[in-house]
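Here's the structure we're looking at; comments come further down.
The values are calculated or read from the model by the stated rules, or taken from the named source; none is laboratory data. Note that the structure is a prediction, hence the values are computed from the model and not measured. Quick reminder, even Gly has a Cβ in these numbers, built from the backbone with ideal geometry, and neighbours come from all protein chains shown. Ligands, DNA and RNA are stripped out before the accessible areas are found, and what is left, the full protein with its side chains, is counted by its heavy atoms. Shrake-Rupley method; radii C 1.70, N 1.55, O 1.52, S 1.80 Å.
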Amino acid sequence: MKKRLNLQNAGVAMQQAGLSQTAVAESLAVSKEAVSQWLKGDTFPRPDKLLKLGKLLKLSFSDLVITEDPHTPKIAFRKMRGTITKDHHIEKAQEMGRFLRHLVPYLPFDTLEMPPILKYPNTEYDYIHRVALKVREDINVSETDNIDFVHLIRRFRDLQTVVVPVLWGAKQRHENAVHIHLPDSESTWVYLNLDTNIHDFKFWMAHELGHCLSPSLEGNEAEDFADEFAASLLYPHELAAEAYKSISLQQTIGAKINYIVDLAGQRTISPYTVIGQVNKFAAAEGKPEIELGKGFPSAVTNFNKGFKKVSEVLFGDLGLDENGRPSASDYVSQVETVFETPIFDLFRKYLKEHKKGPSFVQTVLDMPLLDARSIYTELT
């Protein structure tokens, strides 16, 4: 078991007691640097100092120390703007991960070799560019070819990642994607919200691919890398360089915005991704960034209205219920075919062999029991 200080509880207790790091250091007869390292999570106190620290802060062991199981599922969320990931979100996803362990024996992947991952992932511009080029090479597209959904789907499979497309939108959920890595089996599961605009969905897929390539990263560092990777993969340095020149030639702000929106439409990506990559190129080359003024967000809003949700594209012609949802049969069939995912086959094998009920489907897919019963009936 790995142990670390509960930095939030320790910080609150110090504040309530009016204790500075210097005061804690003096009380425990250690250096201020040692206390600083504890409170940054860089080091962990020796047992005698931990006991004294708990007494000084009036915190029990369970309140002061977080004990981590090395096999605890690792979670990464990609959420809608303005929503916050809280502890109960993480705990729920970890519970889903523990249930996913039951499906691991049925995975159709090579168990002798690990999929390729990056050695030292970081967000430096040149490094991200090199990684994006390497992935493009791996999926057989050129430096400037458009990345489509099939490229991303098959790269997930090559990386032994199970894609789990889900319908969360009508349930007032906020996730665009959830990434669950099971350290004990080295398996990765990526949940993707089908109630998302196509161009956003494409970015989230590329973002999750970035997580698959960088399992050593956690927290904000992992999210930052995945964001930078996704943007560079979908709109690489070579395109950004061309776009910078062309946009700069436009005579007005409005013309610049229209040009960027057109570029985004050609690639089925967000205009924010285009201008973000163009200005990163500018910064890397020491050139002035392109300013678009206050009219750009409204232009992006109008751009977004021209795209359907993935769920509408997949199921719109198949007949939907009063809640705008496909039948269980159509959902399973379309997801299996389009995303080439083994998830439902894993369900079939596990449910048949272990005689589990709809509640297992409910937990793994994180859906209401009524929907889970329909899926369960379809799979069994």
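Structural remarks
- Conditions (1) of a type outside the set (A, V, I, L, M); (2) closer than 28 Å to SER333 by Cβ; (3) in contact (Cβ under 8 Å) with a residue 40 or more places away in the chain; (4) open to solvent by 10 Å² or more (accessible area, probe 1.4 Å); number of the one not met by THR188: (3)
- Residue satisfying condition, being touching a Leu at 6+ places or on another chain (Cβ under 6 Å) and aromatic (Phe, Trp, Tyr), within set PHE149, PHE201, PHE225: PHE225
- Answer residue from region 1-19, given it is loosely packed, with under 12 Cβ neighbours inside 10 Å and not in a helix (DSSP H, G or I) and is modelled with the lowest pLDDT among those: MET1
- Every residue from region 103-124 that is surrounded by 15 or more Cβ atoms within 10 Å (Cβ to Cβ) and in a helix (DSSP H, G or I): LEU103, VAL104
- When each of ALA264, ALA299, ALA283 is tested for being open to solvent by 60 Å² or more (accessible area, probe 1.4 Å), assigned to a helix (DSSP H, G or I) and at pLDDT 95 or above, the lone residue that passes is ALA283.
- Set ALA25, ALA76, ALA93: member being farther than 30 Å from LYS349 by Cβ and of a type in the set (A, V, I, L, M, F, W, C): ALA25
- Among the residues here, PHE315 qualifies as among the aromatic types (Phe, Trp, Tyr), under 30 Å from TYR106 (Cα atoms) and at pLDDT below 95.
- The lone criterion from (1) assigned to a loop (DSSP other than H, G, I, E, B); (2) touching a helix residue (DSSP H, G or I) at 6+ places or on another chain (Cβ under 6 Å) left unmet by VAL141 is number (2).
- LYS40 vs. criteria more than 21 Å from ASP87 (Cβ to Cβ) and of a type in the set (Lys, Arg): no
- Matching residues, region 315-325, being open to solvent by 20 Å² or more (accessible area, probe 1.4 Å) and closer than 27 Å to ILE269 by Cα: GLY316, ASP317, LEU318, GLY324, ARG325
- Check on VAL332, in contact (Cβ under 8 Å) with a residue 40 or more places away in the chain and under 29 Å from HIS207 (Cα atoms): yes
- Single residue of region 146-167 satisfying the filter (in a loop (DSSP other than H, G, I, E, B) and over 10 Å from PRO236 (Cβ atoms)) that is farthest from the chain's Cα centre (by Cα): ASN146
- Residue that is under 24 Å from THR72 (Cα atoms) and crowded, with 17+ Cβ neighbours inside 10 Å, where the choices are VAL178, VAL135, VAL131: VAL178
- Output for region 319-343, where each listed residue is within 19 Å of PHE156 (Cα to Cα), among the charged types (D, E, K, R) and assigned to a helix (DSSP H, G or I): GLU336
- Restricting region 350-372 to residues that are over 13 Å from LEU100 (Cα atoms) and charged (D, E, K, R), the residue that is least open to solvent (accessible area, probe 1.4 Å): ASP371
- Residue in region 245-257 that is buried (at least 23 other Cβ atoms within 10 Å of the Cβ), in contact (Cβ under 8 Å) with a residue 40 or more places away in the chain and hydroxyl-bearing (Ser, Thr, Tyr) present: no
- Total residues in region 23-65 satisfying the condition of being open to solvent by less than 70 Å² (accessible area, probe 1.4 Å) and outside any helix (DSSP H, G or I): the figure is 8.
- Test for PHE77: is it in contact with an Asp or Glu (Cβ under 8 Å, 6 or more places away or on another chain) and modelled with pLDDT under 90: yes
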